[in-house]
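Take a look at the structure set out below.
The values are calculated or read from the model by the stated rules, or taken from the named source; none is laboratory data. Please read these numbers as outputs of a predicted model, since none were measured by experiment. Glycine also receives a Cβ, built like all others from the backbone with ideal geometry; neighbour counts cover every protein chain displayed. Ligands, DNA and RNA are excluded from the accessible area calculation, which covers all protein heavy atoms including side chains. Shrake-Rupley method; radii C 1.70, N 1.55, O 1.52, S 1.80 Å.
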Amino acid sequence: MEKSRPLWDNPLQFVFACISYAVGLGNVWRFPYLCQMYGGGGFLIPYFIMLIIEGMPLLYLELAVGQRMRQGSIGAWKIISPYLCGVGIASIVVSFFLSMYYNVINAWAFWYLFHSFQDPLPWATCPLNSNHTGYEEECEKTSSTQYFWYRQTLNISPSLEASGSVQWEQALCLTLAWLVVYLCILRGTESTGKVVYVTASLPYCVLIVYLIRGLTLHGAVNGLVYMFTPKLEQLSNPKAWISAATQIFFSLGLGFGSLIAFASYNKPSNNCERHAIIVSLINSTTSVFASIVTFSIYGFKATFNYESCINKMILLLMNTFDLEEGSVTADNLSEMKGYLMATHPQEYAQLSPQLRNCSLEAELDTAVQGTGLAFIVYSEAIKNMEVPQLYSVLYFFMLLMLGIGSMLGNTAAILTPLTDSRAVAARFPKEVISGVVCLINCVIGLIFTMEAGNYWFDIFNDYAATLSLLLIVLVEAIAVCYIYGIRRFEKDLHTMIGRKPNWYWKIMWAFASPLLIISLFIFYLTDYILTGKLQYQAWDATQGQLVTMDYPGYALAVIGLLVVASTMCIPLGALLTFVRKRLKRESVSTTA
């Protein structure tokens, strides 16, 4: 069934929509972490190889399927084969899971944004205790930024079992986040087309501002040198290649159904090949660009912490041993430690528990990703900048734009198949369908605003999509090449864009990409099996740090349900279609 009219007023609007969806928080907080973990500049080698083998071909395939079939994920794969209806349903289930927890990040961004107008910033210093005789004990054991995140933002419980109650401040922020998403999709995909110009372009403006500021920060060069110094020995590490492939896979949003939904509103003659290349390159370039910004700020933070550590050690030695001012410097600190240990062994032994070995390399090696990078490391760097309120507002506004842009794609993956359905669309207007989807997600999302909510967030983030998406995209590639037929697909592309795909696309679709996905699938299954007991990081307020704990039995059951709920849609859809056809055939033969 053809759409009554295309969504996109012009091809540029479609590109903006894809960029708004694909360029998300993963570009800002996961890619820099992977660069840090797997060889700095050396990680770019496997990353761009995976972009060529996996990213661009699979993105092109999804855009072409959506544009040719003119349907959402369920309808598109049902046209290719009735037995593939479960592929579209699996995509919707994964997108639904993602929407449930992903908008919580926007709620946190709202929370930090509202607090960014205070002077001083509330995470700049530790709060006083109830007696006003000192600082909060938990904050003294950690840092002011970690305390604000774990205690004042999350009010986190000591374990998953201690679920606690809903935090009303976070619940209000989550409600606000869903209200904003609803207003953006109020009239279905028509309103989305206007919003994407803002959500796609504003983050780049903020990143440019941060780049200019970041490069002028003291110690920024240390971070950039650390990033671009390639550790080529990491190229022999299989996890570096697996991580590069996974990052490409998820940063482009393959398998969620959002790209198929967006492309289904294209004009049939739209050049989806060109747009697949453009979106892939912009997405990857943004990851590198965001890493430069991140590492310049990370270098500033590491240098600040290193120099603060040095100054504390110098002050401690001077006060303890009554040394002259200027006698201990950063350059001779190690020699003075050795001298004092030899000349004052007893005093030095008593002081040794307070002494630290300050290391810039150790500060730069501290690997942080996800919410830790977005809400702890960045806020720690921001508090030490001049006019921190300005940079805090800019940063968390950027996070909001990135998060809302991704949410528009996630909700489109759910709404497009619903509005394609005659049974649903004939009974309810778009506003009602959009409202019901947002309301259901918001109500379920309140789980993530409880005291143990962050632990549930990690469960959904780690297990709701990974294996499911790999299976979905593998089936998509096999379905197009071997069920629908690659020659038939070639003719469709020739009809749409005026030329057939060259050998590169066909080899990637038919052989290279499926083999790579199978390898990733085997790796993740093996990794889960070899890991043994699944564990999570819990916050220990008494120590002021994260501790490792085993997941309880019911959490493991939820993890299993998250994986099964989406992956089983594919075989169950095929089975139900087979049974339905068999019964229909038998009823026809009986009637005859």
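Given the condition open to solvent by 10 Å² or more (accessible area, probe 1.4 Å), at pLDDT below 95 and either outside any helix (DSSP H, G or I) or farther than 30 Å from Tyr455 by Cα (or both), answer yes or no: does some residue in region 174-186 qualify? Yes, because at least one residue in region 174-186 is open to solvent by 10 Å² or more (accessible area, probe 1.4 Å), at pLDDT below 95 and either outside any helix (DSSP H, G or I) or farther than 30 Å from Tyr455 by Cα (or both). From the set of residues in region 368-388 that are of a type in the set (Val, Ile, Thr) and at pLDDT 85 or above, which is surrounded by the fewest Cβ atoms within 10 Å (Cβ to Cβ)? By that ranking, first place goes to Val387.
Inside region 501-556, residues that are surrounded by 12 or more Cβ atoms within 10 Å (Cβ to Cβ), among the hydroxyl-bearing types (Ser, Thr, Tyr) and touching a strand residue (DSSP E or B) at 6+ places or on another chain (Cβ under 7 Å) make up a count of 2.
Only one of these is within 20 Å of the chain's Cα centre (by Cα) and either farther than 30 Å from Ile414 by Cα or modelled with pLDDT of 90 or more (or both): Thr216, Thr320, Thr285, Thr229. Name it. Answer to the check: Thr285. The single condition among (1) loosely packed, with under 12 Cβ neighbours inside 10 Å; (2) in contact (Cβ under 8 Å) with a residue 40 or more places away in the chain; (3) in a helix (DSSP H, G or I) that Lys584 does not satisfy is (2). Residues that are free of Cβ contacts under 8 Å to residues at least 40 places away in the same chain number at least 2 in the following helices (runs of 4 or more DSSP H) confined to region 1-95: 73-80. Residue count for region 20-35, restricted to those that are open to solvent by less than 20 Å² (accessible area, probe 1.4 Å) and under 15 Å from Asp365 (Cβ atoms): 3.
Restricting attention to region 125-141, and to residues there that are farther than 17 Å from Ala541 by Cβ and open to solvent by 100 Å² or more (accessible area, probe 1.4 Å), which single residue is modelled with the lowest pLDDT? Looking at residues that are farther than 17 Å from Ala541 by Cβ and open to solvent by 100 Å² or more (accessible area, probe 1.4 Å), I get His132.
If I ask for residues that are in a helix (DSSP H, G or I), of a type outside the set (A, V, I, L, M, F, W, C) and surrounded by fewer than 21 Cβ atoms within 10 Å (Cβ to Cβ), which ones from region 247-276 would you list? Listed by number, the residues that qualify are Glu273, Arg274.
Table: residues versus (1) in contact (Cβ under 8 Å) with a residue 40 or more places away in the chain; (2) closer than 30 Å to Phe96 by Cβ; (3) touching a helix residue (DSSP H, G or I) at 6+ places or on another chain (Cβ under 6 Å).
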| position | (1), (2), (3) |
| --- | --- |
| Cys358 | yes, no, yes |
| Glu363 | yes, no, yes |
| Thr371 | yes, yes, no |
| Ser379 | yes, no, yes |
| Leu390 | no, no, no |
| Met398 | yes, yes, yes |
| Ile414 | yes, yes, yes |
| Thr419 | yes, yes, yes |
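Only a single criterion out of (1) in contact (Cβ under 8 Å) with a residue 40 or more places away in the chain; (2) in contact with a Ser or Thr (Cβ under 7 Å, 6 or more places away or on another chain) is not satisfied by Leu351, namely (1).
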